[in-house]
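*Asks:* Have a look at the structure that comes next, please.
The values are calculated or read from the model by the stated rules, or taken from the named source; none is laboratory data. What you see is a predicted model, and the numbers here were worked out from it, not measured in a lab. Neighbour counts are summed over all protein chains in view; Cβ atoms, including those assigned to glycine, are modelled from backbone coordinates with ideal geometry. To get the accessible areas, we keep the full protein, side chains included, count just its heavy atoms, and leave off ligands, DNA and RNA. Shrake-Rupley method; radii C 1.70, N 1.55, O 1.52, S 1.80 Å.
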Amino acid sequence: MAVDTRRTQLSAVGRYGWDGGSGTTWWNDPAEGLTGILLSQRMAFPLTSPLYLDFWTSLYQAISD
């Protein structure tokens, strides 16, 4: 479990969740009423992979339109 304490390109203050091994990620953003879960089952899933970045970017774009 982790809690974001500063804003970055893909996170907001107060967002919490985790990035697991084998390509899993789960985060909840209470300020946006948003929960995202990605289960890809890819070993050595880097947090900078296109799949990870596209997933979170698309999720936040969907609620900002």
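*Asks:* Pick out, from segment 1-44, the strands (runs of 3 or more DSSP E) lying fully within it that include 1 or more residues that are farther than 16 Å from Phe55 by Cα.
*Replies:* 16-20
*Asks:* Now for a separate question. Cβ-Cβ distance below 7 Å, separation of 6 or more or different chains: which pairs start in segment 21-44 with a residue that is among the acidic types (Asp, Glu) and end on one that is open to solvent by 20 Å² or more (accessible area, probe 1.4 Å) and assigned to a strand (DSSP E or B)?
*Replies:* As it stands, the answer is none, since no pair meets every condition given.
*Asks:* Can you tell me which residues in segment 18-31 are out of contact with any Gly (no Cβ under 8 Å at 6 or more places or on another chain) and surrounded by 15 or more Cβ atoms within 10 Å (Cβ to Cβ)?
*Replies:* Asp19, Gly23, Thr24 - these are the residues of segment 18-31 that are out of contact with any Gly (no Cβ under 8 Å at 6 or more places or on another chain) and surrounded by 15 or more Cβ atoms within 10 Å (Cβ to Cβ).
*Asks:* Let me ask you something else. Among (1) open to solvent by less than 90 Å² (accessible area, probe 1.4 Å); (2) outside any strand (DSSP E or B); (3) touching an Asp or Glu at 6+ places or on another chain (Cβ under 7 Å), there is one condition Thr57 misses while meeting the rest; what is its number?
*Replies:* Status for Thr57: all satisfied but (3).
*Asks:* Same structure again: For segment 12-34, state whether one or more residues are basic (Lys, Arg) and more than 10 Å from the chain's Cα centre (by Cα).
*Replies:* no
*Asks:* In segment 33-47, which residues are over 14 Å from Gly21 (Cα atoms) and exposed (fewer than 12 other Cβ atoms within 10 Å of the Cβ)?
*Replies:* Of everything in segment 33-47, just one residue is over 14 Å from Gly21 (Cα atoms) and exposed (fewer than 12 other Cβ atoms within 10 Å of the Cβ), namely Gly33.
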